[in-house]
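Encoded as structure tokens, the structure appears first; notes follow it.
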Amino acid sequence: MTIRVDTLANGVTVATDHMPEVKTATLGIWVAAGARYEDENEHGISHLLEHMAFKGTARRNALQISEEIENVGGELNAATGIEVTSYYARLLGKDMPLAFDILSDILTNSAFEQAELAREQSVIAQEIGGAADDPDDLVFDLFQETAFPGQPIGRPILGTPETVRSFTPQSIRNYLAKRYRGPRMVVAAAGAVDHDALRAAAAEKLASIPAGTAEPTAKAIYRGGRHIHARNLEQTHLVLGLEGISYHSPERYAMQAFVNLVGGGGSSRLFQEVRERRGLCYSIQAFHSSYQDAGLFGVTAGADAADTEELTKVVIGELHDAAEKATQVEVDRAKAQMKVGLLSALESASARAEQLGGRMLAFGRVIPFDQIERKIDEITLEAVRAAGRKLVGSGQPTFVGVGEAGGLERAGIVTEALQRKAA
């Protein structure tokens, strides 16, 4: 594994991971311009910009963008998250110059034509409606919003039909100029890549990207609370959460081990107790989302309305028990799961490129895989228990449910036990 990193004059970072054993490459541009960086009147503009980037430039129309990449067997895609938006291509290594030409073109020369914008606004409005109709999507949007109320980090990434339809070509250009700055952008590639060639191409084709920093975003403040969305469904969807930790926290590895042993697989405490022994749900899992200045832990499950109260009690009990009585066997299993996930990424050019882009934005440096592996090896039983105690003692929980109101209200009241315990 050969990783090289350079910084261009305007602050754009170019990072590559050459993999001599593969013939394909994944190339992308990662930008610290996700949904949490939007002002109130920009809600949803990061996602809309990601869509509009593929709708035509001064040199290519939307069909030409698709045809050029697919003519060489490649694929082009993008994703908008809470903190990062990414644009990437997967194709043969020999065609990487074409991929970068297209990616740089859509980020520096997008036309943002009014007719295309109107069509894409309608498409996204339908996407928003689809998310609202899907309880699996809806419950997570409500969960994020309840955990971080009244803050950009808590707003749905897609925006609302009203905000999305309010944007003009000029408002998109203004946001692009404000947020897409050199120091907030990483060109990352892995696989059959030529670092020097990519650096030269980036220096030429991204020269118009302005240097300097963008306006800071407000610090995320976890609040928590309870939100019940009554709906007539066969199954109740719920998420129970607590304040987590930032990806800058030195406890992040121990926290991930705690998350894994609580709800990270078929052998986890929650799956065994809730699904296997009690039959209260079909699936249940724990997760932890880390941001630059905050974090959010959650347990998600779907259950019959009559079972939601008992399920919630069991979840709370297992969290407390794991925080005090997690075993060395459980911790070793969680560490093994983390290692497999880490090492599996070494086999994929796409995963390597994504990690390069994400870690350069988050930490400003590449974290070697062997260093991460050492951090995992160093996780102790007491560190995992301490992470669990910090989690369950963090105070105000977040409880969100979509489905039959009565069962969810009773389950929501149960979550107050977490807050009383913390006090």
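Each reported figure results from applying straightforward, stated rules to the coordinates on display, with no laboratory input. Bear in mind the structure is a predicted one, so any value in this text is a computation, not a measurement. Quick reminder, even Gly has a Cβ in these numbers, built from the backbone with ideal geometry, and neighbours come from all protein chains shown.
Extension gain, E162 to R59: 0.36 nm times the residue separation minus the Cα-Cα distance gives 34.0 nm.
At an R0 of 41 angstrom, the distance between the Cβ atoms of A306 and Q328 translates into a FRET efficiency of 0.65.
Selection among A257, G298, A220 by position relative to the dipole of the stretch 173-304 gives A220 as farthest towards the positive end (Cβ unit charges, Cα centre). Coupling constants for the stretch 117-128 follow from the phi torsions by the Karplus curve (6.51 cos²θ - 1.76 cosθ + 1.60, θ = phi - 60°), and in residue order they are 4, 4, 5, 6, 4, 5, 4, 5, 4, 5, 4, 5 Hz; glycine and proline get x. Taken along the Cα-to-beta-carbon direction at a fixed 7 Å, the label points for E204 and Y282 span 5.4 nm.
Principal-axis analysis of the Cα atoms of the chain puts helix 381-392 at an angle of about 90° to the longest axis.
Going through the cross-link list K23/K205; K325/K390; K23/K94; K339/K390, which pairs have a Cα-Cα distance over 19 Å in this structure? As for pairs spanning more than 19 Å Cα to Cα, those are K23/K205; K339/K390. Extension gain, N41 to I367: 0.36 nm times the residue separation minus the Cα-Cα distance gives 113.7 nm. Relative to the longest principal axis of the Cα atoms of the chain, helix 308-325 runs at roughly 90 degrees.
Give me Y247, Y37, Y282, Y88 sorted ascending by neighbouring Cβ count inside 10 Å, so fewest comes first.
Numbers: Y247 19, Y37 26, Y282 10, Y88 22.
The order, fewest Cβ neighbours first, is Y282, Y247, Y88, Y37.
Neighbours of E67, meaning other residues whose beta-carbon lies under 15 angstrom from its beta-carbon, give a summed charge of -3 when Lys and Arg score +1 and Asp and Glu score -1. For the chain, which longest stretch is free of loop sites, where a loop site is one of the trypsin sites (Lys or Arg not before Pro) that DSSP puts outside H, G, I, E and B and that has at most 16 other Cβ atoms within 10 Å? So the longest stretch without any such site is 60-218.
List the longest stretch of the chain that has no exposed loop site; here a site is one of the GluC sites (Glu not before Pro) assigned by DSSP to anything other than H, G, I, E or B, with at most 16 other Cβ within 10 Å. Mind dumping the intermediate values first?
On the way: sites that count: E21, E113, E234, E347, E378.
Counting at most 16 other Cβ atoms within 10 Å as exposed, the longest clean stretch of the chain is 114-233.
Once you have a ≥ b ≥ c as the square roots of the Cα gyration tensor eigenvalues for the stretch 293-412, tell me rounded if a/c is under 1.5, and otherwise prolate or oblate according to whether a/b is larger than b/c.
Numbers: a/c = 2.32, a/b = 1.71, b/c = 1.36.
Cα axes put the stretch 293-412 in the prolate bin.
A Gaussian network model of the chain, with springs between Cα atoms under 10 Å, assigns the largest mean-square fluctuation among V239, V402, V22 to V22.
Modelled spin labels at A9 and N77, positioned 7 Å past Cα toward Cβ, are 3.6 nm from each other. Springs join every pair of Cα atoms under 10 Å in this Gaussian network model of the chain, and among D196, D304, D105 the largest mean-square fluctuation is at D196. Where is the GNM fluctuation largest for the chain (alpha-carbon springs, 10 angstrom cutoff): P210, P250, P135? Maximum fluctuation in the GNM of the chain, among the listed residues, is at P250.
Measuring nothing but how far apart in sequence close Cα pairs (under 8 Å, 6+ apart) lie, relative to its length, the chain scores a relative contact order of 21 percent.
Let me have the 222 nm mean residue ellipticity of the chain computed from DSSP H runs of 4+ only, each contributing -39500 (n - 2.57), with the sum over all residues rounded to the nearest 500.
Values: 16 runs with 193 residues, N = 423.
Per the formula, -14000 deg cm²/dmol.
Test of understanding: what is the full-extension gain from D136 to E409, defined as 0.36 nm times their sequence separation minus their Cα-Cα distance? Don't skip to the answer; put the middle values down first.
Numbers: separation 273, 0.36 × 273 = 98.28 nm, distance 1.86 nm.
Contour length minus the Cα-Cα distance gives 96.4 nm.
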